[in-house]
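The values are calculated or read from the model by the stated rules, or taken from the named source; none is laboratory data. Just so it is clear, the structure is predicted and the values come from calculations on it, not from any experiment. Please note: Cβ atoms are built from the backbone with ideal geometry, for glycine as well, and neighbour counts cover all protein chains shown.
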Amino acid sequence: MKNAEKGFTEKELTRREMIGTMALSSLALSALSPTTQAQPVIEAEQAANNVSNGEGLRRIGEIKSKGGKLRGTIRVTNQVRRIPGGSDVMLRYYEGIDDSGVIWPPTSDPNSAAPYLPGPTIRARIGDTVNLVLVNNVDPSKFPNSLDTGPGENHATGSGCDVVKVPPNPVAQYPDQVGDKYPNCFHASSTTNLHFHGMHVSPRGTADNIFLQVRADKTISPTDPKVRRAIYDVFAAPPPQTYAQMPASWKNYQASLIGNYNKTAPYNGKRGLPPDLRLPIPSPTQENFPEWAIGVYPYNFLITPPPVQGNSYKMGQAPGTHWYHAHKHGSTATNLYNGLAGAFIIEGQYDDDLEKIYPDLRNTEKVLVFQEAAEAPDLETTLALISPPRQKPPVVNGAQNPVIDMRPGEIQFWRFVNAGVGAGWGGLKASLWDKGVTVKQTAQDGVQFSWQSYQEQALLESDDNFASGNRVDWLVQAPAKAGDYTLFADLNRTVKLLTLRVSGSEMNPAPQFPTQNNYPEFPDFLKDISDSELTPPGQTVTFDYVPNPNFKTAPTFTIDGKQFSEDPANFIKVNVGQAQEWTVRNPTTVPFRIPHPFHIHVNPFQIVEINDGTQTFAIPEGKREWWDTRIIPPGGYLKIRSRFVDFWGQYVLHCHILDHEDRGMMKVVAVEDPPAHLFTTAVHHH
Ligand SMILES: [Cu+2]
């Protein structure tokens with residue numbers, strides 16, 4: 001497809017024209033900037049500095065499942081860390097702990113700031129039970145611009161949003177001058193949770209529950225016997241379907257923590273929250289899971305096995321390259337800038353079959369986590385998010401342009417995760433390599449290709465396969481000739497993503513790409529959603545950018561004309577078990593062409609038709625890749641099909657430009673299991 005929308009020269013021009021024609025405060029002006037896409041703000045000198053220092057690719061520490069159980073702890077804490085090519089800033093980061101102790105990040109040089117890194121990689125297998133503890137040990141006092149103290153509770157304005165004031169100006173630059181309003185504003189970035197992106201699991205309770213809000217408590221230790229007791233009682237039971245089913249030890253423990261939090265949380269310079277701001281203590285017999293937890297949360301779910309006789313599943317979990325990240329509405333962008341994301345690899349038949357072709361596959365496999373950092377006082381100041389600061393070239397596993405070594409002719413399996421914040425840099429494309437490197441894509445968004453899709457390689461030159469949220473699996477074959485080969489991040493080939501260094505003796509015998517005979521088996525549940533399976537009429541979903549009529553404040557980001565809301569009237573409602581075809585539209589072409597990436601939780605989708613604003617392309621049966629995140633072309637649409645099967649509950653679809661999401665471009669999808677659970681229940685409050 002054409003890529004006019006990504007030509008950032010045009011975009012820059014448009015912006016300059018706007019600057020020339022409107023008298024605005026600098027903040028309001030920059031607030032009109034549509035995205036935090038890195039391209040427009042990369043400066044030539046930075047690109048020129050983006051030369052490899054020869055640093056080898058950092059291998060990320062892994063929490064691995066054993067005997068069918070993934071046991072581990074993800075601890076969120078904070079430290080001064082070094083932005084590659086930038087300065088040292090206070091950041092939140094993920095620490096990984098398994099049965100042997102802290103496995104990630106590596107101990108760093110005490111004489112300099114620790115590097116900016118993704119979280120540990122989690123590696124499990126289809127059918128495993130995930131018993132993962134999230135601990136929130138962030139010290140909110142280290143992030144003074146985030147008033148992380150609850151809805152409506154804001155020391156300066158009571159707005160519930162983070163506040164940025166530049167004295168002596170009495171008006172808050174954020175949110176007042178921007179015009180953002182709670183809950184669709186930046187806020188509560190020391191509150192967190194985990195989203196399991198790409199996973200076909202329940203959106204409720206102790207699974208992929210993004211409505212959960214885990215407040216920071218730096219006193220909680222995952223090794224405290226009382227904490228362990230409460231958590232391991234949860235893990236000893238099957239994944240709970242209702243809060244009532246949670247063990248008493250957990251409920252009592254959290255009730256005491258919430259009570260204590262209400263008495264001691266800082267408010268207006270004192271300790272203790274006023275009555276209307278206190279967190280409710282859940283009833284031990286209530287069905288709905290509470291929205292709040294203090295300091296710690298036990299994630300307990302099964303990685304969905306394939307549908308087979310004897311189970312009731314309609315879809316299985318696709319084995320592949322998935323990921324996890326913080327997903328608290330209002331702070332997702334901030335936390336991803338901080339680096340709160342990691343790969344979640346789910347192995348299965350796909351890997352086993354590839355390993356039969358490449359016996360050394362698991363030793364040479366590369367997990368490549370792409371991240372975007374922005375240099376700002378603490379990556380926290382909302383001003384910095386609205387007015388993107390000097391954004392740095394992207395990093396892979398914490399380094400700019402790291403080096404990967406291969407032998408001539410060798411084939412390796414590379415898994416890319418885009419854990420960035422914006423719409424990407426223009427796709428992960430074979431043509432962005434220096435000549436000589438051969439690439440075959442085997443999966444998109446953690447879902448393996450059919451043999452037909454593999455042969456077609458339709459996404460190998462896609463501009464739209466690597467926005468924030470996307471994953472790409474490549475088989476990469478090194479050239480026969482020794483030397484350094486660059487993979488560029490951007491279409492202008494100015495920013496280097498990584499370097500392949502080819503040296504040593506040639507592989508003998510020379511490895512070959514898969515053939516039809518040895519290509520990984522394609523699971524039945526990933527076969528096309530047929531016309532006859534669909535329940536009409538489906539839905540039309542429209543992502544829109546709405547400029548403020550007087551241009552004095554920022555535009556709003558909406559879906560179907562509304563910012564994110566928990567009013568059930570705004571929900572998209574589907575009955576569990578249905579397959580539907582939806583049209584997902586992006587009319588944003590004025591004043592910028594914004595490639596909003598559409599993302600939906602829990603179930604992946606197939607694309608059957610794409611309109612890029614001028615032309616319509618049908619994707620034939622047998623060649624319909626699965627996605628969970630896909631850029632909607634500006635001025636165009638996607639026609640998608642998805643199965644809303646296996647799991648009922650409320651979850652979300654949203655723009656994966658994460659500051660758009662935080663500011664309202666998100667919508668609840670309510671999947672009902674009639675007649676037991678009614679749409680009319682609004683379970684959550686933000
Ligand atoms: Cu968007």
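Residues checked against (1) of a type in the set (S, T, N, Q); (2) surrounded by fewer than 24 Cβ atoms within 10 Å (Cβ to Cβ):
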| residue | (1), (2) |
| --- | --- |
| 280 | no, yes |
| 303 | no, no |
| 311 | yes, yes |
| 319 | no, no |
| 323 | no, no |
Out of the stretch 232-255, which residues are of a type in the set (A, V, I, L, M, F, W, C), assigned to a helix (DSSP H, G or I) and either over 26 Å from the mean Cα position of the chain (by Cα) or closer than 18 Å to residue 281 by Cβ (or both)?
234, 236, 244, 248, 250, 255
Failed condition for residue 634, given (1) more than 12 Å from the ligand (Cβ to nearest atom); (2) in contact with a Lys or Arg (Cβ under 6 Å, 6 or more places away or on another chain)
(1)
In the stretch 544-582, residues that are within 16 Å of the ligand (Cβ to nearest atom) and not small (Gly, Ala, Ser) total 13
Run residue 585 past the list (1) within 16 Å of the ligand (Cβ to nearest atom); (2) free of Cβ contacts under 8 Å to residues at least 12 places away in the same chain and report the number of the one that doesn't hold.
(2)
Long-range neighbours under 7 Å by Cβ, at least six apart or interchain, first residue β-branched (Val, Ile, Thr) within the stretch 641-668, second within 12 Å of the ligand (Cβ to nearest atom) and outside any strand (DSSP E or B):
657/35; 657/36; 657/422; 657/423; 657/468; 657/596
Exactly one condition in (1) of a type in the set (D, E, K, R); (2) closer than 24 Å to residue 219 by Cα; (3) modelled with pLDDT under 95 is false for residue 251; which is it?
(3)
From the list 421, 437, 417, 447, exactly one residue is at pLDDT below 95, of a type in the set (A, V, I, L, M) and over 21 Å from residue 612 (Cα atoms). Which is it?
421
For the stretch 440-462, which positions are more than 17 Å from residue 427 (Cα to Cα) and touching a Phe, Trp or Tyr at 6+ places or on another chain (Cβ under 7 Å)?
447, 448, 450, 451, 454
What's the number of the condition residue 515 fails, among (1) surrounded by fewer than 18 Cβ atoms within 10 Å (Cβ to Cβ); (2) β-branched (Val, Ile, Thr); (3) not in a loop (DSSP other than H, G, I, E, B)?
(3)
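Go through the stretch 519-532 and report how many residues are assigned to a helix (DSSP H, G or I) and more than 14 Å from residue 608 (Cα to Cα). Step through it out loud before you land on a result.
First, the residues of the stretch 519-532 that are assigned to a helix (DSSP H, G or I): 524-526, 531-532.
Filter again for more than 14 Å from residue 608 (Cα to Cα), leaving 524-526, 532.
Counting residues in the stretch 519-532 that are assigned to a helix (DSSP H, G or I) and more than 14 Å from residue 608 (Cα to Cα) gives 4.
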Contact list please: Cβ distance under 9 Å, first residue in the stretch 225-239 and surrounded by 14 or more Cβ atoms within 10 Å (Cβ to Cβ), second residue basic (Lys, Arg), pairs at least six apart or on different chains.
230/251; 235/69; 235/71
Across (1) surrounded by fewer than 24 Cβ atoms within 10 Å (Cβ to Cβ); (2) at pLDDT below 95, residue 188 clears everything bar (1)
State all residues of the stretch 98-115 that are farther than 22 Å from residue 378 by Cβ, assigned to a loop (DSSP other than H, G, I, E, B) and in contact (Cβ under 8 Å) with a residue 12 or more places away in the chain; if no residue qualifies, say none.
99, 106
Any chance residue 472 is aliphatic (A, V, I, L, M) and outside any loop (DSSP other than H, G, I, E, B):
yes
Are there any pairs with C-beta distances below 8 angstrom linking a residue in the stretch 619-635 that is touching a residue at least 40 places away in the same chain (Cβ under 8 Å) to a residue that is among the basic types (Lys, Arg) and in a loop (DSSP other than H, G, I, E, B), with the two at least 6 apart or on different chains, and if so which?
634/593; 635/593
Do you know which residues across the stretch 164-205 are part of a loop (DSSP other than H, G, I, E, B) and touching a helix residue (DSSP H, G or I) at 6+ places or on another chain (Cβ under 7 Å)?
173, 177, 178, 186, 189, 190
For the stretch 416-442, give me each residue that is part of a loop (DSSP other than H, G, I, E, B) and surrounded by fewer than 24 Cβ atoms within 10 Å (Cβ to Cβ).
429, 434, 435, 436, 437
The conditions are (1) modelled with pLDDT under 95; (2) more than 16 Å from the ligand (Cβ to nearest atom); (3) part of a loop (DSSP other than H, G, I, E, B), and residue 591 fails exactly one of them. Which is it?
(2)
Could you go through the stretch 524-536 and let me know if any residue there is within 30 Å of residue 637 (Cα to Cα), away from the ligand (no atom under 16 Å from the Cβ), within 25 Å of the chain's Cα centre (by Cα) and modelled with pLDDT of 95 or more.
yes
Among (1) among the charged types (D, E, K, R); (2) surrounded by fewer than 17 Cβ atoms within 10 Å (Cβ to Cβ); (3) in a loop (DSSP other than H, G, I, E, B); (4) at pLDDT 95 or above, the one test that residue 464 misses:
(2)
Report the residue count in the stretch 557-581 for those that are buried (at least 21 other Cβ atoms within 10 Å of the Cβ) and not aliphatic (A, V, I, L, M).
5
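The rows are residues; the columns are (1) touching a helix residue (DSSP H, G or I) at 6+ places or on another chain (Cβ under 8 Å); (2) more than 22 Å from residue 80 (Cα to Cα); (3) in a helix (DSSP H, G or I); (4) at pLDDT 90 or above.
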| position | (1), (2), (3), (4) |
| --- | --- |
| 311 | no, yes, no, no |
| 316 | yes, yes, no, yes |
| 323 | no, yes, no, yes |
| 329 | yes, yes, no, yes |
| 333 | yes, no, yes, yes |
| 343 | no, yes, no, yes |
| 352 | no, yes, yes, yes |
| 385 | yes, no, yes, no |
Does residue 541 satisfy the condition of being away from the ligand (no atom under 16 Å from the Cβ) and either of a type outside the set (Lys, Arg) or farther than 28 Å from residue 347 by Cβ (or both)?
no
Kindly indicate the residue of the stretch 333-356 that is out of contact with any Ser or Thr (no Cβ under 9 Å at 6 or more places or on another chain) and not charged (D, E, K, R) and also surrounded by the fewest Cβ atoms within 10 Å (Cβ to Cβ) among those meeting that condition.
349
On the basis of being within 15 Å of the ligand (Cβ to nearest atom), within 24 Å of the chain's Cα centre (by Cα), at pLDDT below 95 and buried (at least 22 other Cβ atoms within 10 Å of the Cβ), does residue 600 make the cut?
no
Since residue 606 meets every condition but one in (1) within 16 Å of the ligand (Cβ to nearest atom); (2) under 21 Å from residue 464 (Cα atoms); (3) among the polar types (S, T, N, Q), which condition does it not meet?
(1)
Determine whether residue 663 is within 14 Å of the ligand (Cβ to nearest atom) and of a type in the set (Lys, Arg).
yes
